[in-house]
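Here, each number is a calculation from the coordinates, and none is a lab measurement. For clarity, every value in this text was computed on a predicted model and none was experimentally measured. Heads up, the Cβs are rebuilt from the backbone with ideal geometry, glycines too, and the neighbour counts pull from every protein chain shown.
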Ligand code: SF4
């Protein structure tokens, strides 16, 4: 019965606006809802919408200890501007401790393990106690994200996962940022489209998708927090 309800909602949300989906999530899950953002443009638009829906909603951001200074500045700015209820989620080990146990520059030798230590495990721990989380995934970001559902079931953590901007384009999100006079990461002006750790992020490649600067020249395309079995679409 519950599954059927979620299937119907997932279908209905295809015609809803991101704000409507976010408002539904807030009304449904209240303080058991977490917004997870790396402060990229979709996340910034989400935080702006949240101000008129439920401004004290918990916001989680993964502070890997390897973020660009420009990203840190943006997070500080938005935390203050929106008076965010922000949790900076950190890995159990500092980069130095990780180097001691796993060797220097693990991200070059085994980026999957590095992301697991610095992103997947910390997020899993931080999400314990929540019922639903919101993410900024969009279908236009990469071929791997082309089928992103707006509503899905995160079976690993037993949570509902919402990607309320899934069917928006990069241009629509930037339109929202400009219309509302919101700040964005200064690195965008230098050709960066998707921004993660400084160790693994470059400017977008010519002709590449929006995430082509992430782990460029490697087969890796995702850090792991958005891939199965962590998230599973309602429709399989
Ligand atoms: S993006 Fe790179 S440095 Fe950051 S956690 Fe993943 S592999 Fe490690």
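Quick notes on this one:
- In terms of Cα atoms, the Rg and Dmax of the chain work out to 17.1, 51 Å.
- Note on the stretch 20-58 and the stretch 182-211: Cα centroid distance 24 Å, given to the nearest whole angstrom.
- Angle in degrees between helix 69-82 and the longest Cα principal axis of the chain, rounded to the nearest 10: 30 degrees
- Most to least packed among 91-103, 132-144 [average Cβ atoms within 10 Å]: 132-144, 91-103
- Ranked by how many other beta carbons lie within 10 Å on average, peptides 19-32, 41-54, 178-191 from highest: 41-54, 19-32, 178-191
- In the stretch 2-233, Cα pairs under 8 Å separated by at least six residues give a relative contact order of 23 percent.
- Calculated FRET value between residue 83 and residue 156, using beta carbons and R₀ = 30 Å, to 0.05: 0.40
- Distance from the Cα centroid of the stretch 60-120 to that of the stretch 125-142 is 17 Å (rounded to whole angstrom).
- Using a cutoff of 8 angstrom between alpha carbon atoms and counting only pairs six or more residues apart, the relative contact order for the stretch 26-79 works out to 43 percent.
- Calculated FRET efficiency for the pair residue 189/residue 102, C-beta based, R₀ 25 Å, to 0.05: 0.15
- Calculated FRET value between residue 219 and residue 174, using beta carbons and R₀ = 25 Å, to 0.05: 0.30
- Point-to-point label distance, residue 92-residue 206, nm (Cα→Cβ direction, 7 Å offset): 4.6 nm
- Helical mean residue ellipticity (222 nm; -39500 (n - 2.57) per DSSP H run of 4+; nearest 500) of the chain: -10000 deg cm²/dmol
- Using alpha-carbon coordinates, inclination of helix 18-29 to the longest axis of the chain, degrees: 80 degrees
- Averaging 1/r across all pairs of distinct Cα atoms in the stretch 93-209 and inverting the result yields a Kirkwood radius of 16.8 Å.
- Nearest-ten-degree value, helix 2-13 long axis tilted from longest Cα axis of the chain: 80 degrees
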